[in-house]
Amino acid sequence: MISAEILSVGTELLLGDIVNTDAAFISKKLAELGIPLYHQSVVGDNAERLEAAVKDALGRADILIMTGGLGPTCDDITKNIVANVFDLPLELCEEAAGDIKSYFDDIGRPMTENNLSQAMLPRGSVALKNNHGTAPGVLLKGKILGIDGEKTVIMLPGPPRELEPMFNESVLPYLREKSPYTFFSLNLHLYGIGESAAETVLRDIMSESENPTVAPYAAEAEVRVRITARGSSREECLTLCREMAEKIRTTEIAGYVFAESTSDDESSEVLVRHVIGMLRERSMTVGTAESCTAGMIASKIGDIPGCSDVLMGGVVSYANEVKTGVLGVPDEILKQYGAVSEECARYMAEGVRRVLGCDVAVSVTGVAGPGGGTPDKPVGTVCFGVSDRNGTVTSTEQFGSKKDRGKIRRFTTSAALMKIVKRLREN
């Protein structure tokens, strides 16, 4: 079976100025194609180190996918180095040159002469059309002195808005012909259980099953159980994954599963989409009353296009005056129990439900830190309320002994969404 490797080019990647999302995108596509990927590398814009990295990669893999270094400036050296490795001259590709000139005509800007350097390609290579920029991609096949077998190098521009469509339009069909398999993953999303506890439950299943494979891994505020199958088609893989998911649901893991997603799902917002879906199924609306999260819960829902049919609105109630004046929290409650209390969370949830006229409301009030904690209510203490026509439930959770304000607020947001899910399931 062929193998692939990714080599990302650019000093800006090494300095951390740019996050390498290209490698993540390509890795996912290779996994779906069933093409093994054993190494990823990043190298700066240095000719000697880049040439060594290319030779090392081609000594291990059949296909090398490179990103970056195809621009018109003097530090864009990817094609030059690859041409040297294959002992090939660079030649002007008239088709690529025409595309570059047309690009500048379309945007109404003059083309500087150095842009034509992007049309200089290794002899015998194939230009990959760039419909979103000036730099063509390059596909080159051949043999290299001192390295066994025919090798393929695919060079892609670094900007994701150019790389991703080029990969999907030109590279994907080429690679699909190289692999007899496809890979497909089904994810079970768990809340309320840790990765190690999930692994303990699933250990026997994980050790007994080779296809599909099962692996839990931790994500922020949740654990995912990834089921990955290899087969001749997506449909065959999906069937294997579904069968394994049903087997897993016969274990105690079932009580923690709140949603499923697949490797086709490009969204990471599984929980909030699940909440919106449940509300739509029930023709219900939601509202939020937020203190420590300052609108993050409503914003999370609002990030999803078309959410206006379920999201009525939200009240950010940091100040006690807003809690009392807008949400109707009695002064006596604040004096006796404090703003961070289940009693206050109850009135906040009931108040915002009344004010907005929504079907279900969630409230949060807590100590996000890094200061403000007390022995009784340390940093990370958050109280929740969920109110609907069947009444109001409250709870308290502790999210942050390390006083990480951002993490506490994100965990609180996820917990609030999960509490809506549980409430909807119960009623």
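Yes or no: G391 closer than 24 Å to G192 by Cβ and free of Cβ contacts under 8 Å to residues at least 24 places away in the same chain?
Yes: the conditions hold for G391.
Close contacts from segment 34-55, counting a first residue that is over 20 Å from S3 (Cβ atoms) and without any contact (Cβ under 8 Å) to a residue 40 or more places away in the chain and a second that is among the charged types (D, E, K, R) and not in a strand (DSSP E or B), with Cβ to Cβ under 9 Å and a gap of 6+ residues or different chains, come to G44/E12; D45/E12; D45/D75; D45/D76.
Restricted to strands (runs of 3 or more DSSP E) entirely inside segment 340-427, no element has at least 3 residues that are of a type in the set (S, T, N, Q) and not assigned by TED's automatic domain parsing to the domain that holds L279.
Which one of these is modelled with pLDDT under 95, under 28 Å from L145 (Cα atoms) and not in a helix (DSSP H, G or I): I18, I35? Of the residues listed, the single one that is modelled with pLDDT under 95, under 28 Å from L145 (Cα atoms) and not in a helix (DSSP H, G or I) is I35. Restricted to segment 195-305, the set of strands (runs of 3 or more DSSP E) holding at least 2 residues that are among the small types (G, A, S) and either crowded, with 20+ Cβ neighbours inside 10 Å or touching a strand residue (DSSP E or B) at 6+ places or on another chain (Cβ under 7 Å) (or both) comprises 222-231, 257-262, 286-290.
Pairs linking a residue in segment 1-23 that is assigned by TED's automatic domain parsing to the domain that holds S41 and within 30 Å of S179 (Cα to Cα) to a residue that is among the hydroxyl-bearing types (S, T, Y) and buried (at least 17 other Cβ atoms within 10 Å of the Cβ), with Cβ atoms under 6 Å and 6 or more positions apart or on different chains, are S8/T67; V9/T78; N20/S8; D22/T67; A23/S8. Mind checking which residues of segment 125-156 are in a loop (DSSP other than H, G, I, E, B) and loosely packed, with under 12 Cβ neighbours inside 10 Å? If the condition is that a residue be in a loop (DSSP other than H, G, I, E, B) and loosely packed, with under 12 Cβ neighbours inside 10 Å, then N131, L145, G146 are the ones that fit. Within segment 335-381, restricting attention to residues that are surrounded by fewer than 18 Cβ atoms within 10 Å (Cβ to Cβ) and in contact with a helix residue (DSSP H, G or I) (Cβ under 9 Å, 6 or more places away or on another chain), the residue that is farthest from V421 (Cα to Cα) is Q336.
The values are calculated or read from the model by the stated rules, or taken from the named source; none is laboratory data. Since the model is a prediction, treat every value here as computed from it, not as a measurement. For neighbour counting, all protein chains shown are included, and Cβ atoms are generated from backbone atoms with ideal geometry for every residue, glycine included.
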